[in-house]
1. So, of the residues in the range 37-58 that are touching a Leu at 6+ places or on another chain (Cβ under 7 Å) and among the aliphatic types (A, V, I, L, M), which turns out to be nearest to Asn101 (Cα to Cα)?
2. Of the conditions (1) in contact (Cβ under 8 Å) with a residue 24 or more places away in the chain; (2) within 18 Å of Pro91 (Cβ to Cβ); (3) in a strand (DSSP E or B), Val20 clears all except one; give me its number.
3. Let me spell it out: the conditions are (1) open to solvent by less than 50 Å² (accessible area, probe 1.4 Å); (2) among the charged types (D, E, K, R); (3) more than 23 Å from Asp52 (Cβ to Cβ), and Lys85 meets all of them except one. Which number is the exception?
4. Here is a list: Val37, Val58, Val24, Val104. Which entry is touching a Phe, Trp or Tyr at 6+ places or on another chain (Cβ under 6 Å), more than 29 Å from Arg209 (Cβ to Cβ) and modelled with pLDDT of 95 or more?
5. Show me the strands (runs of 3 or more DSSP E) found entirely inside the range 135-220 where at least 2 residues are over 13 Å from the mean Cα position of the chain (by Cα).
6. In this structure, does Phe63 turn out to be closer than 22 Å to Val35 by Cα, in contact with a Pro (Cβ under 9 Å, 6 or more places away or on another chain), touching a residue at least 12 places away in the same chain (Cβ under 8 Å) and open to solvent by 50 Å² or more (accessible area, probe 1.4 Å)?
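The values are calculated or read from the model by the stated rules, or taken from the named source; none is laboratory data. On a predicted model such as this, the values are computed, not experimentally measured, just so you know. Counting neighbours? That spans all protein chains shown, and the Cβs are built from the backbone with ideal geometry, glycine included. Keep in mind that these areas ignore ligands, DNA and RNA; they rest on the heavy atoms of the full protein, side chains included. Shrake-Rupley method; radii C 1.70, N 1.55, O 1.52, S 1.80 Å.
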Amino acid sequence: MKISRSFEHMEWFRRHGAAVVANVLGPEAQLAAPVVVRRLVDRPGIAVLDLDLDGTRVIAKVFTEQNRDPAISCEREAFAMLLMKDTGLAPRLYKVDRDENFLVSEFVFGDRLDKRLTGDNLVEWARKIGEWSARYIARQPRRDHEIDWFDYMALYRGVITDEVEAMARERFAGVPVEAFALAKHDLDPSNFIVRPDGRLVGIDYERTRFKPVGWDIIAAAWVLMDKFRDQEDDIVPALIAGWNSAE
């Protein structure tokens, strides 16, 4: 975990702290203890802060000037999270500031999935990722698009290689993409928190894109097969089983 060295986190809190406290605890809140501001993960264009507001933990995610388009990244994250309100699939969203490009959300207590995931429990967690993905996509807006799966995958350089082109064409050419929906598009295990009761909560939605329904299963398979190359045959069936089991 990298710590931000360029983002002035205390200066940011001096500017926005009162609004954050009011949105999280209410406009009349009186704090009995000083707010604790911790810097967390730093990625290019993004600063993440862990705020302790008198015992209430929240996360502030700031899209900084180094981001290619901080306004779009902030809007993507907020839009996806708002659509999942009250589902338990994502953290609760307290505040979105579209002028300053930041949002404040629930601090999810638990472990990151990448810290728990092993070869021994891979199938179990792959099923849960599949189920989470199906429940997530059911809440997202959809668009029609006339294209088949072979032509769509061919848009991604290196997916359909010369070695697999004939097989891919036989299986996927003429199979229509039924609909596009707002996919999470980033299914790395580090972007899931495992609550104490075992439920998955997805975090980080700034990369959402309209993709074919089912795209997140493909994205998850790529990530997991890269991490567990000796268990590739188990991963896709487990993801699909989880997807099909979602209510």
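1. In this case the residue turns out to be Val48.
2. Tallying (1) in contact (Cβ under 8 Å) with a residue 24 or more places away in the chain; (2) within 18 Å of Pro91 (Cβ to Cβ); (3) in a strand (DSSP E or B), Val20 fails exactly one: (3).
3. (1)
4. Values: Val37 fails: modelled with pLDDT of 95 or more; Val58 fails: more than 29 Å from Arg209 (Cβ to Cβ); Val104 fails: more than 29 Å from Arg209 (Cβ to Cβ).
Just a single option satisfies the conditions, and that option is Val24.
5. Numbers: elements: 180-183, 192-194, 200-202, 209-212.
Answer list for the range 135-220: 180-183, 209-212.
6. Values: closer than 22 Å to Val35 by Cα: yes; in contact with a Pro (Cβ under 9 Å, 6 or more places away or on another chain): yes; touching a residue at least 12 places away in the same chain (Cβ under 8 Å): yes; open to solvent by 50 Å² or more (accessible area, probe 1.4 Å): no.
Taking the combined requirement at face value, the residue does not satisfy it.
Let's see how each residue does on (1) of a type outside the set (Asp, Glu); (2) touching a residue at least 12 places away in the same chain (Cβ under 8 Å):
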residue: Glu163; (1), (2): no, no
residue: Leu187; (1), (2): yes, yes
residue: Ser190; (1), (2): yes, yes
residue: Arg207; (1), (2): yes, yes
residue: Pro212; (1), (2): yes, yes
residue: Met225; (1), (2): yes, no
residue: Asp234; (1), (2): no, yes
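Each row is one residue, and each column tells you yes or no for (1) polar (S, T, N, Q); (2) within 17 Å of Lys95 (Cα to Cα); (3) in a strand (DSSP E or B); (4) touching a residue at least 60 places away in the same chain (Cβ under 8 Å).
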| residue | (1), (2), (3), (4) |
| --- | --- |
| Met10 | no, no, no, no |
| Arg14 | no, yes, no, no |
| Val24 | no, yes, no, yes |
| Leu49 | no, yes, yes, no |
| Ile59 | no, yes, yes, no |
